[in-house]
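The values are calculated or read from the model by the stated rules, or taken from the named source; none is laboratory data. Quick caveat, the model's predicted, so the values are computed rather than measured. Cβ sites come from the backbone with ideal geometry, for glycine too, and all protein chains shown count toward neighbours. Remember, those area values only see protein heavy atoms, side chains included, never the ligands or the DNA or RNA. Shrake-Rupley method; radii C 1.70, N 1.55, O 1.52, S 1.80 Å.
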Amino acid sequence: MAVPRILIVGGGYVGMYTALRLQRKLHRGEAQVTVVDDDSYMTYQPFLPEAAAGSIEARHVVVPLRQVLSSCRIFSGRATSVRLADRKAEVKPHEGPELTLDYDYVVLAPGSVSRLLPIPGLAESGIGFKTVEEAIHLRNHVLGRMDVAASTTDEEVRRRALTFVFVGGGFAGVEALAELEDMATYACRFFKGIRRTDMRWVLVEATDRILPEVGPDMGRWTARQLSERGVEVRMRTLLKSAENCHIVLDDGDAFDTDTLVWTAGVKPNPLVRAGDLPLDEKGRVRATPFLRVEGTDFAFTAGDAAAVPDLTRPGQMCPPNAQHAVRQARRLADNLLAALRGGGLRPYRHKSAGSVASLGLYKGVAQVYGRELRGYPAWFMHRTYHLMRMPTLNKKSRILADWTLGLFFPREIVSLGAVQNPREEFTLAARM
Ligand SMILES: Cc1cc2nc3c(=O)[nH]c(=O)nc-3n(C[C@H](O)[C@H](O)[C@H](O)COP(=O)(O)OP(=O)(O)OC[C@H]3O[C@@H](n4cnc5c(N)ncnc54)[C@H](O)[C@@H]3O)c2cc1C
């Protein structure tokens, strides 16, 4: 009898944790698991802000799929469509022709992408904050702009270089801004002629609150904390235009910047629209409480791309966060195994425990099981919680080592922006 083929599309939180569990629980020869991902690694996104600030080495926040999923087949490429009707997926490898993969069971876990709005200049001038590459770029970029500002006599260039704009006051935006601002403030002591007051850090948020994940009180406290640190927190404000990096806000303010970070929400990965998947009004794959794709008994889904009913809040869907993604992955893997073996499936149920966020070294905010924490205790909880959650002992140890070294030695303030053009030096030499 042919071995059942399980295809997992996306090797992020849901994809990697599902594959890990299947790898552990499947008997030899019981099924063949293939994981398709554009990247060959899973990114632990909650650590991206600390990676951008240099508190953690960027390579330590990603988990190589081939290393941890040694019993699975890893396919590096982009799925371009998944069809339920004939159980096929089209996959585009990094090079060479597109392939068709047949499957018996499929797990749809492509996550989400930045939700851009049709704002003039945004796509050309902005950058998101979802990938490790973006985190590395931003770190190099911020320190690089400080280098530029410290070395120019042109006031206009200097002002522009030292203006940093973040749009979107959710987790990603607030944590990224807070961590990078903290790093830049520290770095000022080594840049003669740049004081903290010379830098302009602006957080633009459309609604009247930031960090909704930690509740209204903690959101207000965070806004006050950031303001006391000199960050301009502009609530009830919209970005109207960003053409040629000239920022125009709807309150009439306008200024130039070299740094525009867009973190104003995410939307389901557009892959889910390419095929015959049932979608809800927000474009998410419709899931049953058993994490099956609605109307099927062989397709499963979870995470940011899925609309999973939240059984603890009837009528609502689970929010797109890692807390749910990692737990859904466990339930999904067990339900898939049950389907494979002809057993009973169990519904997914998890009551949100709250949220923790880091706001720079020794600074944080948290709301956990209704308890609110701020400052050092929240920051410590953020680090402890995520360290425990980080996959593999190898990565845990490396991150712990990064933090321990950070206690005894000064922070790194070097900008390696040139890695984006590594051949520049060589081609220059060829012309000499
Ligand atoms: C900066 C930041 C900080 C965050 N902090 C927190 C936090 O503190 N707490 C919390 O609970 N949540 C946090 N989140 C949210 C959390 O990371 C996500 O909810 C979680 O990653 C969702 O898991 P997922 O598996 O659905 O998607 P992902 O983990 O994003 O995985 C999707 C995977 O699919 C792959 N993929 C995409 N398209 C294709 C394709 N066409 N073909 C093949 N593969 C594809 C991607 O490469 C990726 O590996 C944060 C997110 C960000 C960006």
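The order of Met183, Met388 by accessible area, most exposed first and with a 1.4 Å probe, is Met388, Met183.
So what is the accessible area of segment 1-128 per residue, in Å², with the probe set to 1.4 Å? Here the residues of segment 1-128 average 44 Å² of exposed surface. Extending 7 Å from Cα along the Cβ direction at Arg236 and again at Arg73 yields two label points whose distance is 5.8 nm. Dividing the convex hull volume of the alpha carbon atoms of segment 60-188 by its residue count gives 194 Å³ per residue.
Of the solvent-accessible surface of the chain, computed with a 1.4 Å probe and all protein chains present, 54% belongs to carbon and sulfur.
The orientation-averaged projected area of the convex hull spanned by the Cα atoms of segment 3-110 comes to 7.4 nm².
Two decimals is fine: what is log10 I(q)/I(0) at q = 0.06, 0.08 Å⁻¹ for the chain, from a Debye sum with one equal scatterer on every Cα and no solvent? Results for the chain at q = 0.06, 0.08 Å⁻¹ read -0.27, -0.48.
Taking 0.36 nm per residue of separation and subtracting the current Cα-Cα distance, fully stretching the chain between Glu372 and Arg431 would add 15.1 nm. The mean sequence separation of alpha-carbon pairs under 8 Å and at least six residues apart, normalised by the residue count of the chain, gives a relative contact order of 18 percent. Ordered by 1.4 Å accessible area with all protein chains kept, Met199, Met432 run largest first as Met432, Met199. Summing charges over all other residues whose Cβ lies under 11 Å from the Cβ of Ile413, with Lys and Arg as +1 and Asp and Glu as -1, gives +1. Ordered from longest to shortest, the equivalent ellipsoid semi-axes for segment 227-270 are 20, 16, 12 Å, each the square root of 5 times a Cα gyration tensor eigenvalue. Straight-line cross-link reach from Lys351 at under 12 Å between alpha-carbon atoms covers these aspartates and glutamates, not counting any fewer than eight positions away in the same chain: Asp310. Fully extending the segment from Ala254 to Glu30 would add 74.5 nm, taking 0.36 nm per residue of separation and subtracting the current Cα-Cα distance. Structural descriptor for segment 1-145: relative contact order 29 percent, calculated from alpha carbon pairs under 8 angstrom and at least 6 residues apart.
Measuring only protein heavy atoms, the 1.4 Å probe finds Arg220 accessible over about 130 Å². Quick one: accessible surface of Val157, probe radius 1.4 Å, all protein chains present, in square angstrom to the nearest 10. Accessible area, nearest 10 Å²: 60 Å². Counting only lysines at least 8 places from Lys92 when in the same chain, those with an alpha carbon closer than 24 Å to its own are Lys130, Lys267. Ordered by 1.4 Å accessible area with all protein chains kept, Ile136, Ile6 run largest first as Ile136, Ile6. Annotation: for a label point projected 7 angstrom from Cα along Cα→Cβ of Ser40, residues of segment 87-126 with backbone N closer than 20 Å are 91-99.
Among the DSSP helices (H) of the chain, none spans at least 30 angstrom by Cα along its long axis with an average Kyte-Doolittle hydropathy of 1.0 or more; this is a geometric and hydropathy rule only. Computed from the C-beta positions of Met388 and Leu279 and an R0 of 35 Å, the FRET efficiency is 0.50 to the nearest 0.05. The residues neighbouring Val61, those whose beta-carbon lies less than 9 Å from its own, together hold a net charge of 0 under the Lys/Arg +1, Asp/Glu -1 convention.
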